[in-house]
Structures are given as C-alpha cells and as structure tokens.
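> I have a structure here, written as structure tokens, and I will follow up with some questions on it.
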Amino acid sequence: MKQLLTGKQMKQADTWSIKEFGMESLILMERAALCAAQHIMSVQKPGCVFIMCGMGNNGADGLAMARILSQNGWSVRIAAIGQIEKATKEWLYQKSLLDKMEILPVQYFYESDDKDEEEYRSALSNLYVPAQVYVDALFGVGLSRKVSGVYRAAIEEWNEHKKKCGAYGVAVDICSGLDAKSGQVLGAYVKADVQITFGYGKVGQFLYPGASLSDQTITCDIGMPNEAVYHVDGFPFNCLEKSDAKDWLGSRCLWGNKGTFGRVVIIAGSSGMAGAAYLSALAAYRTGAGLVDIVTPKCNRLVLQQLLPEAVLHCISEISEISKDEDEEQLAYLRNEVLPKAKAIVIGPGLSTDTLAKKLLDMVLEWNRSQNCPIVIDADALNLLAMRTNIDHAEYLGENVILTPHPGELGRLMNSSAKEAAKNLLYFAEELQKKFGCICVCKDARTVILTQKNRYLNLTGNSGMATGGSGDVLTGVIASLAAQGLSAERAAVLGVWLHGAAGDEAAKEKSPYSMIARDLADGLSKVLIQISRKKV
Ligand SMILES: NC(=O)C1=CN([C@@H]2O[C@H](COP(=O)(O)OP(=O)(O)OC[C@H]3O[C@@H](n4cnc5c(N)ncnc54)[C@H](OP(=O)(O)O)[C@@H]3O)[C@@H](O)[C@H]2O)[C@@H](O)CC1
Ligand SMILES: Nc1ncnc2c1ncn2[C@@H]1O[C@H](COP(=O)(O)OP(=O)(O)O)[C@@H](O)[C@H]1O
Ligand SMILES: [K+]
C-alpha cells in the first residue's frame, strides 16, 4: 500500500525525524539532492543544467544538486530568486560549499513588488540560459500562498525557456505553485517532465489538476525513519496497489454455490431510468455476487428482463397507482421477503426523490440499524438524505453505510455547490465523514474514501469514466464485494480500485472518448482475471 502525505504532514515527519529521532537535516537533504541528481544522470548525458532556486530548503536542495552535478561533469547555472534575508541555514550552508567550488556563481534576483509581470520577465530572461535540463527548486512543501510578482514571472520564464530549448524538466519535491494538499495550483505553476519527491508522495501531486503537472512522479527514499509517519497529525492517505487488491480479493471458494457468494438487493430505477438499475445489477454480477435482486417500478420490468435475465425482479407500484393498504403490503413484502435475503443493499441509482423513494430509503436505513447489513447509498438516495435537515446524521447512519456522492451530491449534502466540493474535495470529504460517521466515497477524477480511522485515495481510472452510468456501476461493484464477505471498508476501497482499473482496461480497448458505462463491466472481467488467485 502506497502512503501519501499532505505538505503539512510531510513537514511534521521531517521535524520529527530531525528533532526527535536525531537525524541531521543536512543528511536528509544530501540524500534528497543525490536522488534527484542521480535521476538526471540516469536519463541524460552530462551537459548544461539550469537550476531555479528559492530561499527555502527546496532551494537548498537545488544548490546541493548543483554541487553534485558539477562534480559529475555538468555545467551548472543557478538563479536564486528571492530575498537573501529569508535564506534558511541549510541554504546558506549549501551556498558556502558552492562558494568554495568557485566555478559555480549563484545569480540573484529579487525586486520588490512594484513592477508588472512583463518588466520582471524581461529582467529575468537574461538569467535563463539554454540548457538540456531545467530544474525547478523554487518552492516545495513550504508554499504558503498564491504565487505572484517576481515569483510568478520566474515560473512563467522557466516554463517558456524550458519549452524553447526542449529541455528535460525536473521539479524538486513538487512542482512549484502546486499545493501539496489540495492539488490546486496557486497562481502560477511549473510544468515538468518529472517530479522527484522525497520520503512520501504528496497528496496534491495525485489529485487533479496537480496530477497533470508532470508526466511522472518518482518517490525517493531519503532515509527518513519509518516511524516518522506515525508522528503526523491525522492519518496518511493509503493508495491501494494491484498486489493489495489481489490480497484483499482473496480466493474464490472452489466448492461455493450461489448462496456462498452473497445476494445483492438493488433498489433502483424509476420511470425512464431502468438503465441505472441494469448497470448496478450487471456490475454486481460481474464482480462475483451469487444472486442479484432488483427492486424497481413495474414500468421497468420488460426492459430489465430482456437486458439482464439473470436478475431476480421485484416490481413495485408507484404510490399513485395503488391504495394505502396496497402500498403498506408491498413495503411489508420487501421488508419480510426481500431484504432478509440480502447480504448487501444498494439504494439510489435512478430512484427519483418521490414519496415512494423516501419510504424505501427509510425502510433500508431502518434495516441497516436493526440488521447491520451493509448499504450503498448513491444518487437520488443521497439527494433525499441531503433534504433531511433535522436529524443527527452521525447517529442516523451505521458504520457500514457507504455513501458514494459525486461533487454535485457532495455539495448538496454539505449545503454547498458542486464547484466548491470539486475544488476542495478532501476538505468536503472530511466534513462529510464527520457529519455522517459512516464510510464516505467521494467520487471525482480521483476518489477519496474516508472512514472514521482511515483515509484512502484511489489512483486508478481515467476520463473515459466521465460518462453517464459509471457511478451506477460502482454501486454494484462495492455491494457485490460486501455481499461476498469483505468488510464495508474494504468493499468500498477495493470496489473503487476495481472500478477504476476496469475503466483503464476499457480505455485501452475503446479509448476514453468512446467508452460507455457498459464497457466497465467488460473491463471488470479483465481486471478480475489479472488479480484473482488460481488456487485456494
Ligand atoms: N530536512 C528537511 O526539512 C528537508 C527538506 N527538504 C526540502 O525542503 C522543502 C521544504 O522546505 P521549506 O520548509 O524551507 O519550504 P520551501 O518549499 O522551500 O518554501 C519556503 C520558502 O518559500 C517562500 N514562499 C512560500 N510561498 C511563497 C509564495 N507564494 N510566494 C513567495 N514566497 C513564498 C517562503 O517565504 P515566506 O513564506 O517565509 O515569506 C520561504 O522562503 C521540501 O519541499 C524539500 O524540497 C528535503 O531536503 C528533505 C529534508
Ligand atoms: N476523469 C475521471 N477520471 C477517473 N474517474 C472518473 C473521471 N470522471 C469520472 N470518474 C469516475 O466515474 C464515476 C462517475 O460517477 P457518477 O458521476 O456518479 O456517474 P453517474 O451518475 O452517471 O452514474 C465515479 O466513480 C468517478 O470517480
Ligand atoms: K519545486
């Protein structure tokens, strides 16, 4: 399992390693600089390298790299941007070593904030020499505010010169301008070929738009003690990898029958929304559930029978079509005959938010409280939850309830907008988890999964999944895994991983442009072939 930290957590891990464990800051820095320099030497023959440094320890890494590369036959040019009064003690130490080497003059640039960007850029442009490698060591995890003035100009010039000379761009630790927690860019940002990041990957490098700033992020071990990660506030973000997925999935019982592999009940679809029920049910079967029941309005019977004859259908009447007694009877039938068979329940895809939908949601939540059955709540069922303002949500939802909002639904659940939720996905996810107390799967180009104790970030998936019905597929995958016996937490985390990996398989075959949600089901089969164990 790969672990990622926010910028603040990384600084806490650094501080603990230095102050409590007793590791010298300069030792960590030397290893960091050596890693980055070695990467450059492994992909390029000695030539000219241009290094843009700030005045913090990211800049100090850049100075140490200058020394190492120079000692290995590189011609090095350094531009130090900022006020020398702000230089850290490590920076001054690295600079003193360069001074002893004499061949490495550091060119300084700082002008106070009274010029427009063009003036700064023309003044800076003389410092940016043609080179085959461009290094960005302006800001690391210490970036604390929007980039403006001379720093913005320095970044724009770096990008432009790098492009003009076709140089290989290396960002030290993190692309300057990228917020290490949110993945948002603050004003201006470096676009590099690679980020060489130290100790742990930073969450912001894997969230969008941050994840698009470089083609590659390489994490280097700089010798930080393993325990450092236990001395940060909150939890690190775990990222499931293929080998973890294999372990969590386990092996399928050779002598199992359809009862062994769990029954998923899917309460989904309304008039004109049969597809949502179909996609969820198809995905539940394709992920290995033994039986899938669909509870849906009568109008969907024919189409669902034709599309997925393997599913068991329970067709219900709209409230307007039946008497009060008949309505009570059909709810009693579901409560007494259908729900007791479920090992996991999905409620919401294409459900609508009418009175019947409300009653169904109440019934399912009541069932969860009394029977502790895992429930996946998606789409309209989330919208219904968002409409309830007068309940204590944390008490209302059990620990094995899984909410799967996209940014629009997340915004609604938190009385905000889709735009705000997408921009601050981590923050919104954290607040949602606090509010509801259950498992929160906050979906977007990267999906965040939070439980009371753990935080996960999913790294599979692609833009081809931004197509109607992808989320319906996810509900079926998660419920299927829960029905087969995985804990609700593992079902959610592995489900999101599998769903994204299925999307990646589909993209290989169809391209992200032309894939549709059904292709994810084929992708699921391909991924499951890769990760399922051959033997018990
Ligand atoms: N032992 C260690 O600790 C190790 C650390 N390592 C390395 O250190 C890096 C962290 O170093 P760091 O904490 O010094 O912060 P860093 O990223 O250099 O930035 C701070 C400087 O930027 C400035 N500044 C910030 N935002 C700004 C803005 N918008 N516009 C303008 N200025 C702005 C800020 O100025 P101030 O806010 O004080 O005005 C300050 O001068 C880390 O990423 C890794 O590369 C590795 O060597 C491994 C061992
Ligand atoms: N650009 C993307 N990269 C990776 N995954 C994506 C991307 N866009 C969407 N997805 C995934 O596709 C799914 C879309 O879900 P949702 O918006 O609920 O779809 P629908 O409501 O149409 O079923 C989510 O799991 C989301 O994480
Ligand atoms: K940097």
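> Name the residue, out of Ala228, Ala281, Ala289, Ala211, that is within 16 Å of ligand 2 (Cβ to nearest atom) and surrounded by 22 or more Cβ atoms within 10 Å (Cβ to Cβ).
Working: Ala228 fails: within 16 Å of ligand 2 (Cβ to nearest atom); Ala289 fails: within 16 Å of ligand 2 (Cβ to nearest atom); Ala211 fails: surrounded by 22 or more Cβ atoms within 10 Å (Cβ to Cβ).
Matching residue, one of Ala228, Ala281, Ala289, Ala211: Ala281.
> Restricting attention to region 172-182, does a residue exist that is out of contact with any Gly (no Cβ under 7 Å at 6 or more places or on another chain), of a type in the set (D, E, K, R) and away from ligand 2 (no atom under 16 Å from the Cβ)?
No: zero hits.
> So how many residues does region 467-513 have that are more than 9 Å from ligand 2 (Cβ to nearest atom), in contact with a helix residue (DSSP H, G or I) (Cβ under 8 Å, 6 or more places away or on another chain) and small (Gly, Ala, Ser)?
The total comes to 14.
> Looking at the structure I just gave you, is Ser96 of a type in the set (Ser, Thr, Tyr), surrounded by fewer than 17 Cβ atoms within 10 Å (Cβ to Cβ), under 35 Å from the mean Cα position of the chain (by Cα) and away from ligand 1 (no atom under 13 Å from the Cβ)?
Considered against the rule, which asks whether it is of a type in the set (Ser, Thr, Tyr), surrounded by fewer than 17 Cβ atoms within 10 Å (Cβ to Cβ), under 35 Å from the mean Cα position of the chain (by Cα) and away from ligand 1 (no atom under 13 Å from the Cβ), Ser96 comes out as no.
> Can you tell me how many residues within region 302-335 are in contact with a helix residue (DSSP H, G or I) (Cβ under 7 Å, 6 or more places away or on another chain) and exposed (fewer than 13 other Cβ atoms within 10 Å of the Cβ)?
Qualifying residue count for the region: 1.
> Can you tell me how many residues within region 415-432 are open to solvent by less than 40 Å² (accessible area, probe 1.4 Å) and touching a residue at least 24 places away in the same chain (Cβ under 8 Å)?
Residues flagged as open to solvent by less than 40 Å² (accessible area, probe 1.4 Å) and touching a residue at least 24 places away in the same chain (Cβ under 8 Å) within region 415-432 amount to 3.
> What helices (runs of 4 or more DSSP H) completely inside region 368-479 contain at least 2 residues that are at pLDDT 95 or above and more than 16 Å from ligand 3 (Cβ to nearest atom)?
Numbers: elements: 379-387, 393-396, 407-413, 418-423, 425-436.
Helices (runs of 4 or more DSSP H) meeting the threshold: 379-387, 407-413, 418-423, 425-436.
> Looking at this structure, is Leu127 among the aliphatic types (A, V, I, L, M) and more than 16 Å from ligand 3 (Cβ to nearest atom)?
yes
Every residue, every condition in (1) away from ligand 1 (no atom under 15 Å from the Cβ); (2) closer than 14 Å to Gln107 by Cβ, yes or no:
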{"residue": "Ser122", "(1), (2)": "yes, no"}
{"residue": "Ser125", "(1), (2)": "yes, yes"}
{"residue": "Tyr134", "(1), (2)": "yes, no"}
{"residue": "Phe139", "(1), (2)": "no, no"}
{"residue": "Ser144", "(1), (2)": "no, no"}
{"residue": "Tyr151", "(1), (2)": "no, no"}
{"residue": "Glu160", "(1), (2)": "yes, no"}
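> Now a separate question. From the list Val346, Val265, Val295, Val338, which residue is buried (at least 16 other Cβ atoms within 10 Å of the Cβ), out of contact with any helix residue (DSSP H, G or I) (no Cβ under 8 Å at 6 or more places or on another chain) and touching a residue at least 40 places away in the same chain (Cβ under 8 Å)?
Val338
> Considering only region 87-105, I want to know if a residue exists there that is aromatic (Phe, Trp, Tyr), within 16 Å of ligand 3 (Cβ to nearest atom) and assigned by TED's automatic domain parsing to the domain that holds Leu26.
Step one: filter region 87-105 for residues aromatic (Phe, Trp, Tyr), giving 91, 93.
Among the residues that remain, those that are also within 16 Å of ligand 3 (Cβ to nearest atom) are: 91.
Next, only the ones that are assigned by TED's automatic domain parsing to the domain that holds Leu26 stay: 91.
There is at least one residue in region 87-105 that is aromatic (Phe, Trp, Tyr), within 16 Å of ligand 3 (Cβ to nearest atom) and assigned by TED's automatic domain parsing to the domain that holds Leu26.
Residues checked against (1) assigned to a helix (DSSP H, G or I); (2) among the hydrophobic types (A, V, I, L, M, F, W, C); (3) modelled with pLDDT of 95 or more:
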site	(1), (2), (3)
Ser182	no, no, no
Val190	no, yes, yes
Ile218	no, yes, yes
Ile222	no, yes, yes
Glu227	yes, no, no
Phe235	no, yes, no
Ser243	yes, no, yes
Ser251	no, no, no
Ser271	no, no, no
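> Got a sec? Which of Arg455, Arg412, Arg446 is within 8 Å of ligand 2 (Cβ to nearest atom), surrounded by fewer than 24 Cβ atoms within 10 Å (Cβ to Cβ) and among the charged types (D, E, K, R)?
Every option except Arg446 fails the conditions.
Every residue, every condition in (1) among the acidic types (Asp, Glu); (2) near ligand 3 (Cβ under 9 Å from one of its atoms); (3) within 18 Å of Ala80 (Cβ to Cβ); (4) open to solvent by 20 Å² or more (accessible area, probe 1.4 Å), yes or no:
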site	(1), (2), (3), (4)
Val150	no, no, yes, no
Ala153	no, no, yes, no
His161	no, no, yes, yes
Cys175	no, yes, no, no
Asp193	yes, no, no, yes
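The values are calculated or read from the model by the stated rules, or taken from the named source; none is laboratory data. Owing to the predicted nature of the structure, the values given are computational and were not obtained by experimental measurement. All Cβ positions, even for glycine, are placed from backbone atoms using ideal geometry, and neighbour counts span all protein chains on display. Note: accessible area is taken over every heavy atom of the protein model, side chains too, but ligands, DNA and RNA are not part of it. Shrake-Rupley method; radii C 1.70, N 1.55, O 1.52, S 1.80 Å.
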